[in-house]
Structure formats: C-alpha cells, structure tokens
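Undergrad: Here it is, the structure, as structure tokens.
Nothing in this text is a laboratory measurement; each read-out follows from the coordinates by a stated rule. Computed from a predicted model, the values in this text were never measured in an experiment. Here Cβ is always computed from backbone atoms with ideal geometry, including for glycine, and neighbour counts include all displayed protein chains.
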Amino acid sequence: MPSDKPAPPRLTREAILDVAGRLVTVGGADALSMRKLAGELGVSPMALYRHVQDRDELLVALLDREFEAVVWPPLPDPGAERAVQVMLMLHRELASRPWVLDALTRGDLMAPSAARATDDVLGSLRAAGCSPQTAAIRYAAAWRLTLGALLVDARTASAVAGLTRPTVQEQVRRDADPETFPALVECGDALRQQRQDFDVEHALRLILAAPPE
C-alpha cells in the first residue's frame, strides 16, 4: 500500500544555504556544522555532500551570497576619496553581519564576490598615484584596521557589560605619573574618547588619503 507520509522536500543547494544562513546569523560561524545543518533540514549528513564538498565550501558560498547582496552607494571617481568610501561601506556592512566578520578572521576564507571591493580600493589608490606596492600596503592596513576595530568593539562591549568600576585601562591612564609618562597623560582624554567612539573614518583617511610615496 502507498504510504500516507508526505515525501520530504527536495534538497537543493539554495535550501541548504538558506538554513545554513539562519544558523550562522543566530549563532555565528561556530554554530554551523554539517551534522547540525542536516538535522535542521531533516536529511542525513551524507545528503549534504552531494551539494557541497565540506563546511568551508559552505561558508564560502554563504560569504559570497552576503557580499553579492551589498548595495553599493554612489561613489566618487577613482582616487583616494573613493578608496575611503569603499572601506567605510565594508565597515558598515561587516558591523551589521557579525558572523561574516567572525568567518573572515578565521582561516583563509574569502568570498569571490568580495574581490570587487578589493579591486576597487586598489584601483582607486593607483589612480591617486600610489605604486602597486604602496597600494597593496595601504589596502592591507585599511582592511586590518577595519576588521580589528570591529573585533575590538565587539569584545570590549562584551567585557565591560555590567561593569560597575573603571576598566583597568582607565585606571592605568588615570594613575599615570606625568613625569614618567608625559605623553600618555597629555593624550589621556583623547585616548579615552577614541576608546569610547573610535573615529574609523579619520583613521582610514590617515592610511588611504596620505600623499603618495
């Protein structure tokens, strides 16, 4: 006799990416495993391997989907200002997608569609008069600044949540001897302000908009 049990939905790569995307959005990149994903889809783990080679391929596909979804704002002509604006766009997009930041700072994962932004920044720096070597150094510095600023913000917010005393950093700066650490004391208020509200745009301009070497 034919079974009354409904047939399971047809497994597709898009369906896999949809569910995997929900997992990483809620729990970060660590929340994604092939076994857990298979359970969410109601299939065996082996069924997933007909569509993706492994977890890394799945993460790359998810990253690619995220970067393809980015809506680029109007930008100035190629040059230093355009490079700054593209990096600020990446900063905003990564800030709104914590799991992407998490994935990009672990291992060698990269979304193929993210190459558009890399090429745009490098091309803009070349148009501003930078040599290929200087353009590469400035892009790498701006990229690391962007990732680092977001990671520090996220981890600092978690560490100081509910703290009722000054942070150790604040105590060290407050108690610094002006004769021993004159510059630290002189710049203390400015450092405190940057710790509370780091000026990413200004920092990117210092890197990307400096006169070509």
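Undergrad: What does the extension gain come out to for residue 110 and residue 136, with contour length at 0.36 nm per residue minus their alpha carbon separation?
TA: 7.6 nm
Undergrad: Separate question: Taking amide H atoms as placed 1.01 Å from N in the peptide plane, list the residues 5 or more away in sequence, or in a different chain, whose amide H sits under 5 Å from that of residue 43.
TA: Under 5 Å from the amide H of residue 43: no residue qualifies.
Undergrad: Taking a temperature of 25 °C and a viscosity of 0.890 mPa s, what whole-number D in µm²/s does Stokes-Einstein yield for the range 13-68 with Rh from Kirkwood over alpha carbon pairs?
TA: Approximately 222 µm²/s, per Stokes-Einstein.
Undergrad: Could you list 91, 202, 51 in order of exposure, starting from the residue whose Cβ has the fewest other Cβ atoms within 10 Å?
TA: Values: 91 19, 202 10, 51 16.
Exposure proxy ranking, most exposed first: 202, 51, 91.
Undergrad: How far, in nm, would the chain grow between residue 65 and residue 127 when pulled straight, counting 0.36 nm per residue and subtracting the alpha carbon separation? Mind dumping the intermediate values first?
TA: Working: separation 62, 0.36 × 62 = 22.32 nm, distance 2.93 nm.
Additional length available on full extension: 19.4 nm.
Undergrad: So, one more: Any idea what log10 I(q)/I(0) is at q = 0.11, 0.13 Å⁻¹ for the chain, Debye with uniform C-alpha scatterers and no solvent?
TA: Once normalised to I(0) and log-transformed, intensities are -0.72, -0.90.
Undergrad: Using a Förster distance of 45 angstrom, determine the FRET efficiency expected from the C-beta separation of residue 119 and residue 167, and round it to 0.05.
TA: Efficiency, rounded to the nearest 0.05: 0.65.
Undergrad: Turning to a different aspect of this structure: What FRET efficiency comes out for residue 25 versus residue 175 if R0 is 30 angstrom and r is the Cβ-Cβ distance? Round to the nearest 0.05. It would help to have the intermediate numbers written out before the result.
TA: Values: r = 43 Å, r/R0 = 1.42.
The computed FRET efficiency comes out at 0.10.
Undergrad: Run the Debye formula on the Cα coordinates of the range 171-213, all scatterers equal and no solvent, and tell me log10 I(q)/I(0) at q = 0.15, 0.17, 0.20 1/Å.
TA: Rounded to two decimals, the profile gives -0.53, -0.61, -0.71.
Undergrad: Tell me, what is the percent relative contact order of the chain, built from C-alpha pairs under 8 Å that lie six or more residues apart?
TA: Contact order relative to length: 21 percent.
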